[in-house]
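Some notes on the structure that comes next.
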Amino acid sequence: MELELVQMLELAAAVALTLLVLLVITAHVTAIQMPNLTLGEKEKFFWSLNSAGKELFPSIHDLPTKELSVIVPSYNEEERLPLMMDETLEYLEQRQKKDSSFTYEVIVVDDGSKDETTKVALNYSKEYGSDKVRVLTLVKNRGKGGAIKMGVMSCRGRYVLMADADGATKFADIEKVEAGLRGLQPGPDNMAISCGSRAHLEKETIAKRSYFRTLLMYGFHFLVWFLCVRGIKDTQCGFKLLTREAAQRTFSTLHVDRWAFDVELLYIAQCLKIPIAEVAVQWTEIEGSKLVPFWSWLQMGRDLLFIRLRYLTGAWNLEMPKKVN
């Protein structure tokens, strides 16, 4: 009987080891070696009032010409985008009136929408001018991470803010993440990241969620901590502020284009020893989320495991691409 038990345990261990080896091989073989940093020919331009009617987007590798760039990833957001843009632009315009040295741009990245997201965003560009509001329309859907990455690589700001199109975070809370950034010590390379956080609201949100969703949430938090990022309670809040140098360095290395991109971004930052602050912000759940609880979380769990395995096996690395288009 004892011999049979030992044999069963040995068999289970062998199966588990085989599955682990297969998983590592799969993660390595299926890895896209270099991040996709290239815009298509139709994506390289934004609407402008000049005689040609369009202009080329600049590059994050150019010197900054604005104080702040706000990147707004948008997929089928024609209904929710106006409320967010109204709040954002009202704040930014008021701030500029109080401080004439403050300059900004908002880049709305239409991530291959099937609705009128681009048209809605262009109305703001026409009202405020293309120097303040620009629309980057992607031909195909790249995922939230891919959309933000393309916006970041085309921005002009000394500081780069990621902000969701649903307006779930009060835009005025940018002052909180700015304070968090100032509290860090970026060093001579001037790289630092300040993350908005909803961790202080966790008890309140748990009370409103089903046990299943709560279980998924805790499972995801554990995987993030175990595999990739430690010390950050809320990696997924879509309100993050980066110095231009940190944005260039991290997004140029970012591979994941969908929901788990935030985790890879912070994993890269921690590997590079970029200082990170986590700051509590106001947050309200807005109807219309693109996140499908079970399947999206399953996809994110897979991505977390693959992030870790691909960096461990050398399929991905932290080297800057030799050429960025």
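Before moving on, here are some points about what is shown:
- The phi-based Karplus calculation (6.51 cos²θ - 1.76 cosθ + 1.60; θ = phi - 60°) puts the 3J(HN,Hα) values of the range 139-148 at 5, 10, 5, 10, x, 4, x, x, 5, 4 Hz, whole numbers, x for Gly and Pro.
- Nonpolar atom fraction for the range 65-209, defined as the carbon and sulfur part of the 1.4 Å probe accessible area, stands at 48 percent.
- Extended-chain gain in nm, criterion 0.36 nm per residue less alpha-carbon gap, ASN123 and THR284: 55.4 nm
- Alpha-carbon centroids, the range 169-197 and the range 80-98: separation in whole Å: 19 Å
The values are calculated or read from the model by the stated rules, or taken from the named source; none is laboratory data. None of the values given here were measured: they were computed from a predicted structure. Side chains are part of the model used for accessible areas, which takes the heavy atoms of the whole protein and leaves out ligands, DNA and RNA. Shrake-Rupley method; radii C 1.70, N 1.55, O 1.52, S 1.80 Å.
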